[in-house]
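The values are calculated or read from the model by the stated rules, or taken from the named source; none is laboratory data. These numbers were taken from a predicted model, which means no experiment stands behind them. Cβ: placed from backbone, ideal geometry, glycine included. Neighbour counts: every protein chain shown.
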């Protein structure tokens with residue numbers, strides 16, 4: 001099947017990123033100082049990681065369906081939303097650290 005290796009590597013990239021984000025969220029909630037703000041950000045990061053895994057699966061199924069029909073899969077806005085979420089969390093971490101809210 002043409003495109004299958006590309007398809008599975010794209011799915012694995014989404015899952016790999018989601019697992020890294022999940023690990024970061026768990027580390028924030030469990031290994032930190034236990035402040036409320038840190039826990040909120042950690043839970044938000046964990047939810048973001050779960051959403052990334054779900055989006056990766058949905059994109060995989062959509063791309064698989066398109067390839068089987070002989071079409072090119074659409075790119076969608078998911079990568080942009082993912083990048084925006086990661087940037088928002090990073091900014092929240094920097095701001096809370098600079099303000100000493102930990």
_Any residue in the stretch 63-78 that is outside any loop (DSSP other than H, G, I, E, B) sitting within a Cβ distance under 8 Å of a residue that is surrounded by 15 or more Cβ atoms within 10 Å (Cβ to Cβ) and modelled with pLDDT of 85 or more? List the pairs, counting only those 6 or more apart or interchain._
78/55; 78/59
*asked:* Quick check on my filter: what residues within the stretch 55-81 are in contact with a helix residue (DSSP H, G or I) (Cβ under 6 Å, 6 or more places away or on another chain) and closer than 27 Å to residue 40 by Cα?
replied: 55, 56, 78
*Which one of 10, 32 is modelled with pLDDT under 90, more than 19 Å from residue 83 (Cβ to Cβ) and either part of a helix (DSSP H, G or I) or over 18 Å from the mean Cα position of the chain (by Cα) (or both)?*
32
*Does the stretch 40-51 include one or more residues that are over 16 Å from the mean Cα position of the chain (by Cα), under 28 Å from residue 100 (Cα atoms) and free of Cβ contacts under 8 Å to residues at least 40 places away in the same chain?*
yes
